[in-house]
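Here is the structure we will look at, set down as structure tokens.
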Amino acid sequence: MIRLHAVSKSYGTGRDVPALRHVDLHIRAGERVAVMGPSGSGKSTLLNLCCGLDEPDSGSVEIGGVELAGLADDARTQLRRERIGMVFQTFNLMPTLSALENVALPLRLAGAPRAAAERRALGLLERVQLAQRASHRPDQLSGGERQRVALVRALIHGPELLLADEPTGNLDSATGGEVLRELERLREQCGATLVLVTHNPDAAAYCDRLLILQDGRVLRDEARAGAPGSA
């Protein structure tokens with residue numbers, strides 16, 4: 001599903017702040033991979049490269065066999081819209097839209113009729129016990145409710161790849177645990193590959209592979225036994 005070959009990325013005016021250094025990585029379809037490491041180790045940069053929001057300075061990034069460097073901006077946008085779901089620590093919900101409209105938005109942007117998109121969105125909100133909150137705007141929802149809305153929005157189109165950047169970072173431990181259980185249940189239903197950036201060991205425990213980044217390099221890459229849903 002994901003293949004990085006000799007990927008490097010730096011920032012700064014003179015490209016003098018390295019974020020990733022010659023990273024080689026292969027993630028198979030259906031894997032659940034946690035990415036951990038200290039702040040500044042390159043975790044969020046890795047996610048941005050995997051969804052085409054950023055480009056490497058050198059090396060190559062492939063998603064589902066597609067080389068991202070060969071895609072125009074509109075083709076990358078279409079790839080994200082059709083094949084990738086993204087969940088963020090800050091939720092990234094549209095503040096003027098209801099929960100239902102937020103969840104339906106990816107289908108509406110893909111050209112689905114409003115009634116069909118909202119019917120699908122309501123069904124997903126029911127799965128996470130939020131149907132009764134469908135008409136509420138994000139500022140009328142709790143943090144846990146907003147993250148569950150963001151989660152089903154990311155999965156409404158049945159993506160092949162789910163990228164999650166600190167999805168429990170703004171939540172207390174109990175609410176974060178609920179969101180992680182919902183994430184795994186919904187991810188399993190669509191069979192998506194998961195890449196989960198986190199500082200939280202409890203969140204990483206939901207994955208069956210752990211990457212540790214440090215100073216822009218993969219310091220450790222190890223399989224984990226006993227994660228929820230593991231064979």
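The values are calculated or read from the model by the stated rules, or taken from the named source; none is laboratory data. Bear in mind the structure is a predicted one, so any value in this text is a computation, not a measurement. Glycine gets a Cβ as well: all are built from the backbone with ideal geometry, and neighbour counts include every protein chain shown.
Look through 183, 171 and report the one residue that is under 21 Å from residue 43 (Cβ atoms) and surrounded by fewer than 23 Cβ atoms within 10 Å (Cβ to Cβ).
On the way: 183 fails: surrounded by fewer than 23 Cβ atoms within 10 Å (Cβ to Cβ).
Just a single option satisfies the conditions, and that option is 171.
Within the range 113-134, track down each residue that is farther than 23 Å from residue 171 by Cβ, among the small types (Gly, Ala, Ser) and touching a helix residue (DSSP H, G or I) at 6+ places or on another chain (Cβ under 8 Å). So that I can check it myself, show each step before the final result.
Going residue by residue through the range 113-134, those that are farther than 23 Å from residue 171 by Cβ are 113-120, 122-123.
Now restrict to residues that are among the small types (Gly, Ala, Ser): 115-117, 123.
Result: 116, 117.
Are there any pairs, at least 6 apart or on different chains, whose C-beta atoms fall under 8 Å, with the first in the range 24-43 and within 17 Å of residue 66 (Cα to Cα) and the second assigned to a loop (DSSP other than H, G, I, E, B) and charged (D, E, K, R), and if so, which?
Taking only residues 6 or more apart or on different chains, the pairs are 29/160.
Hey, among the residues in the range 80-98 that are in contact with an Asp or Glu (Cβ under 8 Å, 6 or more places away or on another chain) and outside any loop (DSSP other than H, G, I, E, B), which one's modelled with the lowest pLDDT? Before the answer, list the steps.
Within the range 80-98, the subset in contact with an Asp or Glu (Cβ under 8 Å, 6 or more places away or on another chain) is 83-84, 86-89, 94-95.
Narrowing further to those that are outside any loop (DSSP other than H, G, I, E, B): 83-84, 86-88.
Details: 83: 90, 84: 92, 86: 91, 87: 90, 88: 86.
Step by step, filter the range 80-98, then rank; the result is 88.
Spot the failing condition for residue 83; the list is (1) closer than 24 Å to residue 201 by Cα; (2) surrounded by 14 or more Cβ atoms within 10 Å (Cβ to Cβ), and only one is missed.
For residue 83, the failing item is (1).
Looking at the structure I just gave you, is residue 105 under 26 Å from residue 30 (Cα atoms) and out of contact with any Phe, Trp or Tyr (no Cβ under 7 Å at 6 or more places or on another chain)? Let's see the steps before the verdict.
Numbers: under 26 Å from residue 30 (Cα atoms): yes; out of contact with any Phe, Trp or Tyr (no Cβ under 7 Å at 6 or more places or on another chain): yes.
Spelling it out, residue 105 is indeed under 26 Å from residue 30 (Cα atoms) and out of contact with any Phe, Trp or Tyr (no Cβ under 7 Å at 6 or more places or on another chain).
Do we have any residue at all in the range 205-223 that's of a type in the set (D, E, K, R), at negative phi and touching a helix residue (DSSP H, G or I) at 6+ places or on another chain (Cβ under 8 Å)?
First, pick out the residues of the range 205-223 that are of a type in the set (D, E, K, R): 208-209, 215, 217, 220-222.
Retained after the next criterion (residues that are at negative phi): 208-209, 217, 220-222.
Imposing the further condition that a residue be touching a helix residue (DSSP H, G or I) at 6+ places or on another chain (Cβ under 8 Å) reduces the set to none.
Looking for residues that are of a type in the set (D, E, K, R), at negative phi and touching a helix residue (DSSP H, G or I) at 6+ places or on another chain (Cβ under 8 Å), one finds none in the range 205-223, hence no.
Could you grab the pairs with beta carbons closer than 7 Å, sequence gap of 6+ or different chains, first residue in the range 1-20 and within 12 Å of residue 49 (Cβ to Cβ), second one among the small types (Gly, Ala, Ser) and outside any strand (DSSP E or B)?
Within 7 Å, the pairs are 19/42; 19/216; 20/42; 20/216.
Would you mind stating whether residue 189 is within 17 Å of the chain's Cα centre (by Cα) and closer than 23 Å to residue 28 by Cα? Walk me through how you get there before you give the answer.
Working: within 17 Å of the chain's Cα centre (by Cα): yes; closer than 23 Å to residue 28 by Cα: yes.
The answer is yes for residue 189.
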